Amino acid sequence: MTDGTVAPFVDETPGEIPVGGVLHRAADPSVDFLVLTHGASGNSNTALLVALAEEFAAAGISVLRCDLPYRQRRPHGPPSPANAQDDQEGLRRAVALMRDQWDGRAFLGGSSYGGRQASLLAASQPGLVDGLVLLSYPLHPPGKPAQLRTTHFSALRTPSLFVSGTKDVFGTIEELQAAIKLIPARTELVQIDGSPHGLSKKGTAPGVASIVRQRFQSFFA
């Protein structure tokens, strides 16, 4: 299902937000593709993203695991709220560049901050992608359940697969279940028992990736 190609993916078109990452290429150009990005403290080489890309590519879905613009500018440190629009534009361009190569359905997602930016982009641009994969969605800051990050949910009309751990301090399963009812599109919440924010503990990424891929293929069948 995959041609085994894993290669750097870089686009630095003058005047455009750069796109950089690693492409896991499926052999068939008609297949679906997934643009996948990282959380605030990580990058595209985090263990879970690598495991997900390998799992999806083996199932015939091409994956671009990409670094958000803020991470391309500096290797460490958190994103700035002032640059969130750039991060969303980077994801939009990544989807557009992948559409140039594959004819199947387009999916977009990410872990924590990356998933939130993907959902904000999809809410502002309905029809950009066919579905979202939101891993460890950061529903609120730890210990501050009243500061919900759901303002855009009512405008989100893209089918969305949420995946969250039962020990995630950024939102309990019950809180997420209530929040996603605000989304006027098809949703599903997959819980990973015992997992913290970020979903995988040391050595567990391949197992989590397998669960996500199976539920993805079922939800987006």
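Data for the structure
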item	result
Conditions (1) buried (at least 23 other Cβ atoms within 10 Å of the Cβ); (2) part of a strand (DSSP E or B); (3) in contact with a Pro (Cβ under 7 Å, 6 or more places away or on another chain); number of the one not met by residue 21	(3)
Residue within the range 135-147 that is in a strand (DSSP E or B) and either touching a Gly at 6+ places or on another chain (Cβ under 6 Å) or without any contact (Cβ under 8 Å) to a residue 60 or more places away in the chain (or both) present	yes
Hey, residue 53 exposed (fewer than 15 other Cβ atoms within 10 Å of the Cβ) and assigned to a helix (DSSP H, G or I) or not	no
Only listed residue being within 23 Å of residue 32 (Cα to Cα) and either among the β-branched types (Val, Ile, Thr) or over 15 Å from the mean Cα position of the chain (by Cα) (or both), chosen from 213, 186	186
Of the criteria (1) surrounded by fewer than 18 Cβ atoms within 10 Å (Cβ to Cβ); (2) closer than 30 Å to residue 170 by Cα; (3) touching a residue at least 40 places away in the same chain (Cβ under 8 Å), which one residue 45 fails	(3)
The range 62-77: number of residues that are without any contact (Cβ under 8 Å) to a residue 40 or more places away in the chain and surrounded by 11 or more Cβ atoms within 10 Å (Cβ to Cβ)	4
Looking only at the range 151-171, and only at residues there that are hydroxyl-bearing (Ser, Thr, Tyr) and crowded, with 17+ Cβ neighbours inside 10 Å, the one that is nearest to residue 188 (Cα to Cα)	160
Breaking point among (1) at positive phi; (2) surrounded by 14 or more Cβ atoms within 10 Å (Cβ to Cβ), for residue 182	(1)
Scan of the range 72-91 for residues that are under 26 Å from residue 25 (Cα atoms) and either touching a strand residue (DSSP E or B) at 6+ places or on another chain (Cβ under 9 Å) or not in a helix (DSSP H, G or I) (or both), ordered by number	72, 75, 87, 90, 91
Scan of the range 150-193 for residues that are within 20 Å of residue 212 (Cβ to Cβ), of a type in the set (Ser, Thr, Tyr) and either assigned to a strand (DSSP E or B) or without any contact (Cβ under 8 Å) to a residue 12 or more places away in the chain (or both), ordered by number	160, 164, 166, 172, 187
Only listed residue being of a type outside the set (Lys, Arg), on the phi < 0 side of the Ramachandran plot and touching a Pro at 6+ places or on another chain (Cβ under 7 Å), chosen from 107, 170, 162	170
Contacts under 7 angstrom Cβ, first residue in the range 101-118 being farther than 27 Å from residue 151 by Cα and touching a residue at least 24 places away in the same chain (Cβ under 8 Å), partner aromatic (Phe, Trp, Tyr) and in a strand (DSSP E or B), 6 or more apart	102/33; 104/33
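Read the figures in this text as sums done on the coordinates, not as results from a lab. Just so it is clear, the model here is predicted, and its values are computed rather than measured. We place every Cβ from the backbone using ideal geometry, glycine too, and count neighbours over all the protein chains shown.
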